[in-house]
Amino acid sequence: MTAATLITVAPTGAEADKSRTPALPVTLDELVATAIACQAAGAAVIHVHIRDDKARPTLDLPRLKDTVAALRAHTSLIVQLSTGGAVTDPYEDRLNVLDAAPDACSLTCGTVNFGDDVFMNPWGFITDLYQATQEKGIAPEFELFDLGHVVTLHRLLSAYGPPHGGHIHCDLVMGVPGGFDGDLRTMAAAIQALPDGATWSATGIGRTSVPVLLAALSAGGHLRVGMEDTLTFAKGRPVRDNAELVTRAASAATLAQRPPMTTAAARAFLGIDSAV
Ligand code: KMH
Ligand code: ZN
């Protein structure tokens, strides 16, 4: 079991509505302030979705480049850009995210029902994106929403070899209506199916957030938290900000005798070069 816990913050996502959730960071200034606070609270990775001037999700490349530069200027967090975007984003725009030259990116290993929508990730898109990460030297984090995605991950690694940096790190996204349930027996089934040597984080959407966090710590996994995944801190109590979710995760990790990983340790752990 790793001696420390990798904590990823996913502060914004593509789905939450700023008008209903004023604490959601959507401008670059809000995102940078959130990143600084979350690093101080124990995060080592930031999973980034950006918004346009009207707070709508966007994959605008100049904006993504500015975001990567600002996060690097103000934090030592590993910058992981989302290639999932919003369910409406075209594949080409999702591939072009890599041109913003982040440290890392998400790479979802299959299509999944996503509430009333469908999050599309056909095999051809997965392989194009994976090969682009290898060519551009970007570390993918394999996002797994369902057990079939683990099968696709094995197929991907067999066909195209190891990822940039050589380390396989996965994120189990649990509790999405259409994917994994956010419970212990589902987590157990998922982690026993992962490739040899892979490490993993888990995140529970909505009300599965805390049960998934506790199960992941007890099973030797790592954590992703943030307002992309949960907007309710406790029943009837909205999340105040992302930092309080990271603080809770860091406290639980410390209680589990696996305190938060520093950003430098996280770079070594994930096989990501030092900050440029
Ligand atoms: N917004 C979801 C449709 C990712 O960032 O790679 C996809 C998502 C996964 O959030
Ligand atoms: Zn995301």
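Laboratory data are not the source of any read-out in this text; all were calculated from the coordinates shown. Remember, it's a predicted structure, so these values are computed and weren't measured experimentally. FYI the Cβ positions are ideal-geometry reconstructions off the backbone, even for glycines, and counts take in every protein chain you see.
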Contact order relative to length of the chain, as percent, for alpha carbon pairs under 8 angstrom and 6 or more apart: 24 percent
Translational D (Stokes-Einstein, µm²/s) of region 37-95 at 10 °C and 1.306 mPa s when Rh comes from the Kirkwood sum over C-alpha pairs? 129 µm²/s
Mind checking which of Pro11, Pro102, Pro90 has the largest fluctuation in a GNM of the chain, springs on alpha carbons under 10 Å? Pro90
Could you work out [θ]222 nm for the chain from helices alone, using -39500 (n - 2.57) per DSSP H run of at least four and dividing by all its residues? Round to the nearest 500 deg cm²/dmol. -11500 deg cm²/dmol
Taking the convex hull of Cα positions in region 29-180, its mean projected area over all directions (nm²): 9.0 nm²
Using a Gaussian network model of the chain whose springs link C-alpha atoms within less than 10 Å, name the residue from Leu95, Leu245, Leu255 with the highest mean-square fluctuation. Leu255
Which lysines, on any chain, are close to Lys18 with Cα under 27 Å apart, when same-chain ones fewer than 8 places away are left out? Lys54, Lys65, Lys235
Residue separation between Ser251 and Asp117 times 0.36 nm, minus their alpha-carbon distance, gives in nm 44.8 nm
Given the options Pro25, Ala198, Ala188, identify the residue whose Cα lies farthest towards the positive end of the charge dipole of the chain (+1 on Cβ of Lys, Arg; -1 on Cβ of Asp, Glu). Ala188
Sorted by Cβ neighbour density within 10 Å, fewest at the top, the residues Ile46, Ile191: Ile191, Ile46
For the chain, what does the alpha-carbon gyration tensor say about shape, rounded, prolate or oblate, given a ≥ b ≥ c as the root eigenvalues, a/c under 1.5 as rounded, and a/b over b/c as prolate? rounded
